[in-house]
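Worksheet: one structure, shown below.
The values are calculated or read from the model by the stated rules, or taken from the named source; none is laboratory data. Keep in mind it's a predicted model, so treat the numbers as computed, not measured. Don't worry about glycine lacking a Cβ; one is built from the backbone with ideal geometry, like all the others, and counts go over all protein chains shown.
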Amino acid sequence: MKFFLYFILFFIFSFLLWFGIVMGEAGNPTKMSQWIYDVYAKKEALAKKIHGKKIVVVAGSNALFGIESAMLEKEFGIPVLNDGVNAGIELPCVLHMAKKVIRPHDTVLMPLEYPMYSYDGKPGVQMIDFVLSRESSCLFHLRLQEVFYIFWHVSLQRVWEGYFDRSKKAVAEGLYGVHHTNAYGDQTETSVKNRSDAFYKEVLNHVKKPETYGKSFSQDALGWEYLEQFVEWCKQRDVEVIFMPSTLMWDDSYKQNSTERWFYEHIADEVRKRGWCFVGEPYDYMYPKEMYFNTNFHLIDTARKKRTLQMIEDLRKSKCLNNI
């Protein structure tokens, strides 16, 4: 009996010690999250310059790379802010950051990456780093199980970087960063001529490994609770929320596999049965590999325009645009 008592006490002591070590470096900026922080900071600055209602696009990098905001602005006659950055920071952080730029009477378009609907409360490496180094306030909006998971799964290397390998210098080169983000928050320089062989090789690697989002989908995932809270938060501010399909590189299995086909044919129904608006059909936003830049979510510039035209057509046909 004493053995189990000592074991439990040792476990509690070890966790508290580890908790203290991790918290000691929380808030110290790391290189991994630098570009994400930079781009969000720019988008927050852009939002402050917009007076009156606007359209805010909330998602990860499928929106960053995949939407021509100027086309939306011209079509609907109000300013547009593309707040898509990186789905790797996971649904809770994406929604947390979106609240910083949403104002009363805005319209929010949410072409969320499909894994976000199945967020299960197990943060990945990028979310762990982002929360600890840039947005520690997000911890107070997470479930206890997620906070425990973060502290239990943060790596020694990540803790070391938090103490000794900090970074505050904005990213000024490479594919990701504010240097490739325009005045709407869209990614720039994504034409075919900008797509290196290495980038296209990444696309081809995805061809070999189609996604299985249908297999991992859960109607009871924690992500639905976060979405419900977010929609209610928006409703209290007279903010209209419209869910839309993400773009995703086409693969035959998305129709031939019964589980995957069910997911893409019913994800809109899963949203609508909760009383929310979903506009568009997922298959209409899937394109061949030639239209992707460096991942199965990142479109080249011409495909981005095609996708935006599809969004405009679907939105015009819907009955969801009440704030515009």
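One residue alone among 202, 232, 270 is modelled with pLDDT of 95 or more, in a helix (DSSP H, G or I), in contact with a Ser or Thr (Cβ under 8 Å, 6 or more places away or on another chain) and acidic (Asp, Glu), and that residue is 202.
Tally up the residues in region 208-224 that are surrounded by 14 or more Cβ atoms within 10 Å (Cβ to Cβ), in a helix (DSSP H, G or I) and either of a type outside the set (A, V, I, L, M) or touching a strand residue (DSSP E or B) at 6+ places or on another chain (Cβ under 8 Å) (or both), please. Reasoning before the result, please.
Keep residues of region 208-224 that are surrounded by 14 or more Cβ atoms within 10 Å (Cβ to Cβ), which gives 210-214, 216-217, 221-224.
Checking the rest, the ones that are also in a helix (DSSP H, G or I) come to 213-214, 216, 222-224.
Still in the list and also either of a type outside the set (A, V, I, L, M) or touching a strand residue (DSSP E or B) at 6+ places or on another chain (Cβ under 8 Å) (or both): 213-214, 216, 223-224.
Looking only at that region, the number is 5.
Residues in region 40-53 that are touching a Leu at 6+ places or on another chain (Cβ under 9 Å) and surrounded by 23 or more Cβ atoms within 10 Å (Cβ to Cβ): 43 alone.
Residues in region 143-189 that are modelled with pLDDT of 90 or more, in a loop (DSSP other than H, G, I, E, B) and either small (Gly, Ala, Ser) or touching a helix residue (DSSP H, G or I) at 6+ places or on another chain (Cβ under 6 Å) (or both): 174, 176, 177, 183, 184, 185, 186, 188, 189.
Check region 81-102 and report whether any residue there is surrounded by fewer than 18 Cβ atoms within 10 Å (Cβ to Cβ), in contact with a strand residue (DSSP E or B) (Cβ under 9 Å, 6 or more places away or on another chain) and modelled with pLDDT of 95 or more. So far as region 81-102 goes, no, none of its residues is surrounded by fewer than 18 Cβ atoms within 10 Å (Cβ to Cβ), in contact with a strand residue (DSSP E or B) (Cβ under 9 Å, 6 or more places away or on another chain) and modelled with pLDDT of 95 or more. Among the residues of region 29-50, the ones that are modelled with pLDDT of 95 or more and not in a helix (DSSP H, G or I) come to 2 in all.
Taking region 74-111 as the range and being of a type in the set (A, V, I, L, M, F, W, C) and in a strand (DSSP E or B) as the test, the residues that pass are 80, 81, 108, 109, 110. Counting the residues of region 103-119 that are over 15 Å from the mean Cα position of the chain (by Cα) and surrounded by fewer than 24 Cβ atoms within 10 Å (Cβ to Cβ) gives 3.
The single residue among 278, 263, 297 that is surrounded by 14 or more Cβ atoms within 10 Å (Cβ to Cβ), within 18 Å of residue 67 (Cα to Cα), in contact (Cβ under 8 Å) with a residue 40 or more places away in the chain and of a type in the set (Phe, Trp, Tyr) turns out to be 297. Selection of first residues in region 214-241 that are without any contact (Cβ under 8 Å) to a residue 60 or more places away in the chain and of second residues that are hydroxyl-bearing (Ser, Thr, Tyr), restricted to Cβ pairs under 6 Å at least 6 apart or on distinct chains, gives the following pairs, ordered by first then second residue: 214/259; 215/259.
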